[in-house]
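Every number here is computed from the coordinates shown, using simple stated rules; none is lab data. Remember, it's a predicted structure, so these values are computed and weren't measured experimentally. Reconstructed Cβ throughout: ideal geometry from the backbone, glycine too, with neighbour counts over all protein chains shown.
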């Protein structure tokens, strides 16, 4: 408003002073002053926009951690720097390696959870656990996620976002789902966290790469479940399968992997409807075999699933066309995975 007042006063003075001028001269000067006022208005709008942008930038606050390592963050963005981890949760849940920072050496990506395991190797879940997702790069450790999750879980995979390697993390809690990506920032020597999927799915630029990564992880779990872990069931004698405790010890490890794959595929379907695969039939089959000694027909169904995964699933996805590979789709249809 202060920028507009001089122009308005000037216009009033000139109009008075121009009473003796010809109409043509007055019209030209008035038009020129109108242009000046319009220009001042545009400058004011630009100034307001700049202030709004600066205000948004200031919303990125610096939160000091216990060891004074800063994390620059707002709700959907954070720059995560190295931090010493004083205590890790009880169990290593998942681990992989990837050269994320492009230095030619692979970093270690680890997901830890504060949950123990039973004698048969299954997790003894409570109604909530502390999860820790870290990247280890030499002597530096970057905590990408470190928090308690109520009635839910954390999982991660690796993918490329705009040709840049990164980590994609999924958090489930109650009915909520959040997917975030982490990519290395060389200038900050930290990991940029961006939340790109919530339940409302307002931003979907990264959905397809994330869906491909989770889809492949799900099928790795299914391959292990229906090959290595299924063999003992197929080779078990009738006496073993009649005993409920022995039957559970054989089938529960398969169910554990299948349920983990189901959770991943459920997220995949939300990110990318073209990759929707249902495991309901397989889960129902395994539950029936746990509850009652399996029938000959159920054993044949399990054998069929085993044969498909043992023969190899081939290419999983045609990314250029954003679809499940036709050969895989046909194999899944043959074992009622659709």
Response to the item:
Whole-Å distance linking the alpha carbon centroid of segment 190-254 with that of segment 271-338 is 12 Å
Fill in: Exposure proxy ranking, count of Cβ atoms within 10 Å, fewest first, for 215, 337
337, 215
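Report the gain in length on full extension from residue 127 to residue 176: 0.36 nm times residue separation, minus Cα-Cα distance, nm rounded to one decimal.
On the way: separation 49, 0.36 × 49 = 17.64 nm, distance 1.53 nm.
In short, 16.1 nm is gained.
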Response to the item:
Rounded to 0.05, the calculated FRET efficiency for the beta carbons of residue 118 and residue 164 at R₀ = 25 Å is 0.05
Worksheet item: What nm distance separates the two modelled labels at residue 147 and residue 287, each placed 7 Å from Cα along Cα→Cβ?
Response: 3.1 nm
Worksheet item: Once label points are set 7 Å from the Cα along Cα→Cβ at both residue 90 and residue 234, what is their separation, rounded to one decimal in nm?
Response: 3.5 nm
Response to the item:
Placing each pseudo-label 7 Å from Cα in the direction of the beta carbon, residue 205 and residue 136 end up separated by a distance in nanometres of 3.3 nm
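Over segment 153-266, what is the relative contact order in whole percent, taking alpha-carbon pairs under 8 Å and six or more residues apart?
Over segment 153-266, the number comes to 19 percent.
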Discussion item. Using a 10 Å cut-off around each Cβ, can you sort 131, 262 from fewest to most neighbouring Cβ atoms?
Written reply: 262, 131
Discussion item. Within a 10 angstrom radius of the beta carbon, how do 318, 283, 154 rank from fewest other beta carbons to most?
Written reply: 318, 283, 154
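Could you order peptides 84-91, 134-141 by the average number of other Cβ atoms within 10 Å of their residues, highest first? Before the final figure, lay out each step's value.
Working: 84-91: 12.6, 134-141: 15.2.
Going by the mean number of other Cβ atoms within 10 Å, highest first, we get 134-141, 84-91.
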